[in-house]
Amino acid sequence: IQATFIPLLAADKKLNGGVIVLTDITELRKLETVRNDFVANVSHELRTPLTSIIGYLDTLLESDIEDQDTRERFLQIIKEETDRLSNLINDLLNLSKIESQIFKLEADNFEKIVKKVVNLLSQKAKKQKLELNLEIDNNLPLVYMVREQIKQVLINLIDNAIKYTAEGGKVEVKVKQEKDKIYFSVQDNGMGIPQADQERIFERFYRVDKARSRALGGTGIGLSIVRNIIKQHGSEIQLKSREGVGSEFYFYLKIAE
Ligand code: ADP
């Protein structure tokens, strides 16, 4: 609580009374904390790969490493860390764009975009020896959406399902009409998400296992982008998951009349 005292003076400038204004600044403080945490997180996430890049570059430049294999290994690490930085910056720019812009929803073909994204990611699934299936009704009605944003949502969700599912696993994408809505779901039989983490994984930078996410090229921002975009579509991203069994992410979009 913040207290402000406003004095009321009489004609002879003597104190005649006053007003005390009490303001509840809990929400303000909370916002401030969230912002500070975000800046701290971004700095940390940017500094980690940069420190590693500088370290390996210095070693390559300053010492005579004759061994070709070692040089190659160092260069490979530099490449990976640079890719990570690039991913992170892209995700951050995306997130800030989504948060600052007002969406203009248009009647569009959801069916087409789902098929496109599944096709796009089927190569990755195959490489990881995963089955990626699509079960979709034909001739679905148009829905209100921003195509590029919905494409991003589908990529993030299906890519996660592939990332967090072990070889030989299965990822199922389902799309169907339910009354005046279109239902989308992606289900995997991967590692699942512990109950305690389920609320938090939509927060920026929150990852169940940081090291694992990093090793898979993750930034911890993908799901907060998803939550944001779906919210801007007047809907909500939902999750059902059990550790060691698998996860299902799903949402509804409104059909265009
Ligand atoms: P990341 O870049 O780390 O994948 P996300 O925001 O996309 O970031 O996801 C946040 C965290 O949620 C991940 O690090 C992972 O721990 C967990 N997660 C997301 N999708 C899945 C999934 N399909 N199965 C298991 N864990 C998942």
Out of Leu28, Gly234, Ser96, whose Cα points farthest toward the positive end of the dipole of the chain (charges: +1 Lys, Arg; -1 Asp, Glu; placed on Cβ)? Gly234
Bin all alpha-carbon pair distances of the stretch 67-118 at 5 Å intervals from 0 and give each bin's fraction as a whole percent. 4, 15, 9, 11, 17, 13, 10, 7, 6, 4, 3, 1
Can you tell me the accessible area per residue over the chain, all protein chains present, probe 1.4 angstrom, in square angstrom? 63 Å²
Hand me the GluC sites (Glu not before Pro) from the stretch 1-97 located in a DSSP loop with no more than 13 other Cβ atoms within 10 Å, in residue order please. Glu66
Nearest-20 debye value, the stretch 99-249 charge dipole, Cβ charges on Lys, Arg, Asp, Glu: 440 debye
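Can you check what the Kirkwood hydrodynamic radius comes to for the stretch 140-253, Cα pairs only, in Å to one decimal? List each step's numbers first, then the result.
On the way: mean 1/r = 0.0690 Å⁻¹.
Result for the stretch 140-253, one decimal place: 14.5 Å.
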Sparsely packed GluC sites (Glu not before Pro) within the stretch 130-189, loop by DSSP, other Cβ within 10 Å at most 10: Glu167
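To the nearest 0.05, what FRET efficiency results for Ala211 and Phe38 with a Förster distance of 22 Å applied to their C-beta separation?
The formula returns an efficiency of 0.55 here.
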Cα centroid distance between the stretch 188-257 and the stretch 101-120, in Å? 19 Å
Give me the one-decimal nm value for the distance between modelled label points at Lys13 and Glu80, 7 Å along each residue's Cα-to-Cβ direction. 7.3 nm
Taking only the alpha-carbon positions of the stretch 134-190 and ignoring solvent, what does the Debye formula give for the base-10 log of I(q)/I(0) at q = 0.15, 0.17, 0.21 Å⁻¹? -0.50, -0.63, -0.87
Counting residues in the stretch 1-120 as N, plug N into 2.2 N^0.38 Å and put the Cα Rg over that result. 2.06
In the chain, taking the dipole from +1 charges on Lys and Arg beta carbons and -1 charges on Asp and Glu beta carbons about the Cα centre, the listed residue (Asn138, Gln123, Ile221) farthest towards the positive end is Asn138
Please name which of Ile193, Leu57, Tyr252 has its Cα lying farthest along the dipole of the chain towards the positive end, using unit charges on Cβ (Lys, Arg +1; Asp, Glu -1) and the Cα centre as origin. Tyr252
Apply the Karplus curve 6.51 cos²θ - 1.76 cosθ + 1.60, θ = phi - 60°, to the phi angles in the stretch 64-77 and return the couplings in whole Hz, x for Gly and Pro. 8, 8, 7, 5, 4, 4, 5, 4, 4, 5, 5, 5, 4, 5
Send over the Kirkwood Rh of the stretch 22-80, from the inverse of the averaged 1/r over different Cα pairs, rounded to one decimal Å. 14.4 Å
Between Leu130 and residues 5 or more places away or on another chain, the pairs with built amide H atoms under 5 Å apart involve Gly168
Does anyone have the angle between helix 147-163 and the longest principal axis of the chain? Alpha-carbon axes, 0 to 90°, nearest 10? 60 degrees
For the chain, averaging the sequence separation of alpha carbon pairs under 8 Å that lie six or more residues apart and dividing by its residue count, the contact order in percent is 16 percent
I'd like to know how the chain sits against the 2.2 N^0.38 Å rule of thumb: what's its Cα Rg over that expected value? 1.36
In debye to the nearest 20, the charge dipole size for the chain, taken about the Cα centre with +1 at each Lys and Arg Cβ and -1 at each Asp and Glu Cβ, equals 700 debye
Charged-residue dipole, Cβ positions (Lys, Arg, Asp, Glu), the stretch 1-53 about Cα centre, Debye nearest 20: 180 debye
For Ile136 and Lys176 in one chain, what is 0.36 nm times their gap in residues minus the Cα-Cα distance, to one decimal in nm? 13.8 nm
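Based solely on its DSSP helices, what 222 nm [θ] is calculated for the chain when runs of n ≥ 4 H residues each add -39,500 (n - 2.57) and the sum is averaged over all residues, nearest 500 deg cm²/dmol?
Per the formula, -16500 deg cm²/dmol.
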Distance (nanometres) between label positions extended 7 Å along Cα→Cβ at Ile89 and Leu22: 5.0 nm
Please go through the stretch 148-257 and write out the trypsin sites (Lys or Arg not before Pro) that DSSP classes as loop and that have at most 13 other C-beta atoms within 10 Å. Lys179
Across Lys181/Lys231; Lys170/Lys254; Lys30/Lys97; Lys116/Lys210; Lys116/Lys176; Lys126/Lys151, pairs whose alpha-carbon gap is larger than 25 Å: Lys170/Lys254; Lys116/Lys210
Provide the net charge surrounding Leu154, with neighbours chosen by a C-beta distance below 15 Å and charges set as Lys +1, Arg +1, Asp -1, Glu -1. +1
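The values are calculated or read from the model by the stated rules, or taken from the named source; none is laboratory data. Not measured: the values here are computed from a predicted model. Heads up, the Cβs are rebuilt from the backbone with ideal geometry, glycines too, and the neighbour counts pull from every protein chain shown. Please note that ligands, DNA and RNA were not included when accessible areas were found on the heavy atoms of the full protein model with its side chains. Shrake-Rupley method; radii C 1.70, N 1.55, O 1.52, S 1.80 Å.
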